[in-house]
Amino acid sequence: MNVGCPKEIKVSENRVGLTPGGARSLVAAGHRVLVQKGAGEGSGFADAEYAAAGADLAGSAREVFDGAELVVKVKEPQAVEIAAMHLGQVLFTYLHLAPDPAQTRGLLEQGITAIAYETITDAAGRLPLLTPMSEVAGRMAAHVGAFYLQEENGGRGVLMGGVPGVPPANVVVLGAGTVGHNAIKVAAGMGARVTALDKSLPTLRYLDDVFGNRIDTLWSSEHHVEEAIARADLVIGAVLVPGAHAPRIVTRAMLKLMKPRSVVVDVAVDQGGCFETTHPTTHADPVYLVEDVLHYAVANMPGAVPRTSTIALTNATFPYLFQLASLGWKRALASDPGFLAGLNTHDGKLTCRPVAESLGLPFTEAATLL
């Protein structure tokens, strides 16, 4: 199969969908690999490494899209990329369609077979291709929050760990899945006073076993959220409903309860955000103020640490990519119900129920297309 990897064009996105090592494995299995020149430079992979692995180097993204049956990326395709794709082409990347009707329409109109990293599940129902970036984003969230709490960066001027005689920052984490757990781990490690909220009592029990009295846990109700954010210096949004728009946990009215120049880091922004006041930002212009609360809502947080992120991501994605290339998308997805859950669009049909429900569009059961 012809496998193509274009250079990412989202603002400040330096990850790449395929490493030279991955290219080498594909070539050794008899596939042709086409990589756009410069695609790996942001992650520290030179063109020469791809060439040495047996990949062909393309001078433009158009050359990659024209020559590839299967396109592997990191971030959702931008409008110009969707326009360059063609009927029947397979796209393997993060999509996050629920809050993005324009992208959804584009993929449907072009007849793209789009398989989303974030909706693939494993045998235990986990999200194996979302997990590595959730780990990165969760750990980054605490660091980013600490940075923006500094007065010169717009925050309250509060040190995460405090000092003797001065209490530490109050950090609230909404949602205790992979993102939340990693945010808690780093924030607690920095010495902050952490409160974690989640609707799953087993999850809260697990946090209590792991962290003990180093953190506080609360069942997530509107009352508890209001109480917690009113005390917070930093609130990290880490709520996820796989494939669907993130639930709005904090309304604009609730935001008024927060301290002046406190900080919000909404990691759920890729799925629409769990704050009513969230809108996506970029690494070039990451923050904005609403109700005197500083919001950080960069939609590709792990892109700030592309070397770590690319390696972590491709460790998880490559086995699936190899199956797609070796078996074709139909056989690969038919062999694994969790892999089939990744199919979001095919030949103008929307095949992810949470996306269809979020956007009010017709849904087609993926299994009927195999």
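Computed from the coordinates by the stated procedures, all read-outs in this text should not be read as laboratory data. Here the structure is a predicted model, which means the values were calculated and not measured. Positions of Cβ are generated from backbone atoms using ideal geometry, with glycine treated the same way; all protein chains shown enter the neighbour counts.
The Cα atoms of the stretch 1-55 cover 34, 19, 14 Å along the three principal axes, with the biggest extent listed first.
For the chain, adding -39500 (n - 2.57) for each run of n ≥ 4 DSSP H residues and dividing by the number of residues yields -10500 deg cm²/dmol at 222 nm.
Counting only Cα atoms, the size of the stretch 131-304 along its three principal axes is 45, 39, 32 Å, in decreasing order. The protection proxy used here, the mean number of other Cβ atoms lying within 10 Å of each residue, ranks peptides 232-243, 12-23 as follows, highest first: 232-243, 12-23.
Charging the Cβ of each Asp and Glu at -1 and of each Lys and Arg at +1, and nothing else, the dipole of the chain about its Cα centre rounds to 340 debye. Gyration tensor over the Cα atoms of the chain: the corresponding equivalent ellipsoid has semi-axes (square roots of 5 times the eigenvalues, largest first) of 37, 22, 19 Å.
Once Rg and the Kirkwood radius are both taken over the C-alpha atoms of the stretch 203-266, their ratio Rg/Rh works out to 0.98.
Hey, what did the stretch 309-370 get for relative contact order, percent, Cα under 8 Å, at least 6 apart?
The normalised contact order for the stretch 309-370 reaches 22 percent.
Considering only alpha-carbon pairs that sit under 8 angstrom and 6 or more positions apart, the relative contact order computed for the chain is 18 percent. The local environment of Lys75, defined by Cβ-Cβ distances under 15 Å, has a net charge of -3 under the rule Lys, Arg +1 and Asp, Glu -1.
Positive contributions from Lys and Arg (+1) and negative ones from Asp and Glu (-1), summed over other residues with Cβ under 10 Å from the Cβ of Asp216, come out at +1.
How high is the relative contact order of the stretch 131-304, in percent, with contacts defined as C-alpha pairs under 8 Å that are six or more residues apart? With pairs under 8 Å counted, the relative contact order is 21 percent.
Against the main long axis of the alpha-carbon atoms of the chain, helix 222-231 sits at an angle near 70°. Expressed to the nearest 5 percent, the antiparallel share of DSSP beta bridges inside the stretch 131-304 is 20 percent. Between the helical axis of 101-110 and the longest alpha-carbon principal axis of the chain there is an angle of about 10 degrees.
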